[in-house]
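*Asks:* Mind having a look at this structure? Questions to follow.
The values are calculated or read from the model by the stated rules, or taken from the named source; none is laboratory data. Every value quoted in this text rests on a predicted model; they were computed, and no experiment measured them. Don't worry about glycine lacking a Cβ; one is built from the backbone with ideal geometry, like all the others, and counts go over all protein chains shown. These accessible areas exclude ligands, DNA and RNA; they are computed on the full protein's heavy atoms, side chains included. Shrake-Rupley method; radii C 1.70, N 1.55, O 1.52, S 1.80 Å.
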Amino acid sequence: MERIAIFPGSFDPFTRGHAALVADALKLFDRIVIGIGNNTAKQGLLTVANRKRLIDDIYAAEPRVEAQVYTGLTGEFAETVGACAIIRGVRNTTDFEYERTMEATNHRIYPALTTVMLFTPSAVADISSSTVREVLAFGRSVEEFLPEGIDITNYL
């Protein structure tokens, strides 16, 4: 039986930290579905379509990773794609406390789903999408924060 996990988030934009978590998750699961949450109330840096295109470009040569846009509850999305687990990244204790609360709620509603928390590697633990957006807003290069070969201007 294929073990599928989802990795949900806004990914605005997808960073080296996200990529590191996907690499670690691929050691545990047969397939990773990156779920791009579509919060219509939020105005982001990239459109949802461009976030998906960016992730598709990163994983074009990796058939075990795919990106899908979803709305609604993450647990429903997991059920739709046949996932047995939700991957969450933890950079610090603040992330852990938030993710622990989310895990408890998801487990209550979707008891068959397991949340797997992966520690973001220390080399990229300081990178967040919000930091990338802020640095970019000040006209600085964000190349070192994004997966290799990604030019964010191609997705704006």
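*Asks:* Can you give me the distance in nm between label points at Y98 and D57, each placed 7 Å from the Cα along the Cα-to-Cβ direction?
*Replies:* 2.6
*Asks:* Over the chain, what is the relative contact order in whole percent, taking alpha-carbon pairs under 8 Å and six or more residues apart?
*Replies:* Normalised by residue count, the contact order of the chain is 32 percent.
*Asks:* Which value does Rg/Rh take for the range 46-156 over its C-alpha atoms, Rh per Kirkwood?
*Replies:* 0.99
*Asks:* Counting only protein heavy atoms and a 1.4 Å probe, tell me what percentage of the range 43-156's accessible area is made up of carbon and sulfur. Please list the in-between numbers first.
*Replies:* Values: 3620 of 6980 Å².
Result for the range 43-156: 52 percent of the exposed heavy-atom area is carbon or sulfur.
*Asks:* Where the centre of each part is set by its Cα atoms, how far does the range 1-40 sit from the range 63-98, in angstrom?
*Replies:* If we compute the Cα centre of each part, the gap is 7 Å.
*Asks:* What is the distance, in nm, between label points placed 7 Å from the Cα along the Cα-to-Cβ direction at R108 and at T131?
*Replies:* A separation of 3.3 nm, rounded to one decimal place.
*Asks:* Could you put V135, V142 in order of accessible surface area, largest first, with the 1.4 Å probe and the full protein assembly present?
*Replies:* Largest to smallest exposure gives the sequence V135, V142.
*Asks:* For a quick check of understanding: with a 1.4 angstrom probe and all protein chains in place, what accessible area in square angstrom does S129 have, to the nearest ten?
*Replies:* Answer for S129: close to 20 Å² accessible.
*Asks:* What trypsin sites (Lys or Arg not before Pro) does the range 78-156 have in DSSP loop regions with at most 16 other beta carbons within 10 Å?
*Replies:* Of the trypsin sites (Lys or Arg not before Pro), the ones in loops of the range 78-156 whose Cβ has at most 16 other Cβ atoms within 10 Å are R140.
*Asks:* What number, rounded to the nearest 500 deg cm²/dmol, is the helix-based mean residue ellipticity at 222 nm of the chain, given -39500 (n - 2.57) per DSSP H run of at least four residues and division by all its residues? All intermediate terms of the calculation are to be shown ahead of the outcome.
*Replies:* Details: 5 runs with 55 residues, N = 156.
Dividing the helical sum by the residues of the chain leaves -10500 deg cm²/dmol.
*Asks:* I55: net charge of surrounding residues, Cβ under 12 Å, Lys/Arg +1, Asp/Glu -1, itself excluded?
*Replies:* Once positives and negatives cancel, what remains is -2.
*Asks:* Kindly provide the GluC sites (Glu not before Pro) of the range 125-156 that DSSP labels as loop, not H, G, I, E or B, and whose Cβ sees at most 14 other Cβ atoms within 10 Å. Walk me through the numbers on the way to the answer.
*Replies:* Details: sites: E134, E143, E144, E148; in loops: E148.
Here the GluC sites (Glu not before Pro) that fit, given the DSSP loop and packing criteria, are E148.
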